[in-house]
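The values are calculated or read from the model by the stated rules, or taken from the named source; none is laboratory data. The shown structure was predicted, so the numbers you read here are calculated from the model rather than taken from an experiment. Every residue, glycine as well, gets a Cβ built from its backbone with ideal geometry; the counts of neighbours run over all protein chains shown.
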Amino acid sequence: MDERMIEEEKKMSLWEHLEELRWTLFKLLLIFLAFTGYSLYHVDDAIGMLSLPLFIDTLSKHPITLTQTGPFDAVMIKMKVGILGGIALSLPLLILIIWDFIAPGLKINERKAFWWMYSSITILFTLGIIAGYAALFLVLPVLTSFGVQGAENLWRLRDYIDFVFMWLLGAGFIFELPLVIVIIVRLGLIQLKTIKKARPYSVIGAFILAAVITPSPDAVTQIVVALPMILLYELGILAASLQKPKNSDRLST
């Protein structure tokens, strides 16, 4: 009799978990569709904002014309921007809903670690997107200055949107550098003193990357692009020095 009751309780528990999973998936889909719908409704504004760096005064000497090369280009571009915008807007909330589903099975220290990671990743990535967008106003004039004399700057809108998305995504990941440094130090994968000794190489690497991104002899542009990466490296060292594990000295011997 007791065994039957235990078996029934297990079945009930399994059914409750499946029902909760079904409801969680429904909420994820509903929120994604809602944000995607909002993004599609404002897609023209979004494309205008992404294209804004092309129409500043510094580009007046090398004007750029965005083109559509096919009958479905406009539809595909708007769908792409709308869907990617929906993902970007809904992702923080989607992660929280998934977290709410799995959190009851985690320990207290694991929950604290999640909130620390979630807030750090979200803030740094958002700052990276903002900084990357601002950098476009510096990078695009430099890139267009290398145009061939007499040639028109006819850019496909699809290619430009892809470039901007990849650029912003890369900027977001670069801004995760402080978090990466903190994690590898806390895990004992690399000693903090080793990262500090690599400072000169990080500065050189930042300027090399800046030269690749903005191949311009203008020193001011190079410094403006390289400086945030150097500051991120220093911020990572500062944060890691506050978070380094107690056994770090033991690991260094």
Of all residues in the stretch 33-84, how many are part of a helix (DSSP H, G or I), under 24 Å from LEU136 (Cα atoms) and of a type outside the set (A, V, I, L, M, F, W, C)? 12
Single residue of the stretch 126-138 satisfying the filter (surrounded by 18 or more Cβ atoms within 10 Å (Cβ to Cβ) and more than 12 Å from the chain's Cα centre (by Cα)) that is modelled with the lowest pLDDT: LEU138
Of these, GLU9, GLU19, which one is closer than 21 Å to TRP99 by Cβ, surrounded by 10 or more Cβ atoms within 10 Å (Cβ to Cβ) and modelled with pLDDT under 95? GLU19
Could we say that THR24 is within 19 Å of ARG156 (Cβ to Cβ) and not aliphatic (A, V, I, L, M) here? no
Is there a residue in the stretch 169-177 that is at pLDDT 85 or above, more than 17 Å from VAL81 (Cα to Cα) and over 19 Å from the mean Cα position of the chain (by Cα)? no
Some residue of the stretch 162-181 being closer than 30 Å to ALA240 by Cα, outside any helix (DSSP H, G or I) and either of a type outside the set (D, E, K, R) or free of Cβ contacts under 8 Å to residues at least 40 places away in the same chain (or both): yes
Residue among ALA198, ALA240 that is surrounded by 16 or more Cβ atoms within 10 Å (Cβ to Cβ), more than 20 Å from the chain's Cα centre (by Cα) and more than 22 Å from GLY132 (Cβ to Cβ): ALA240
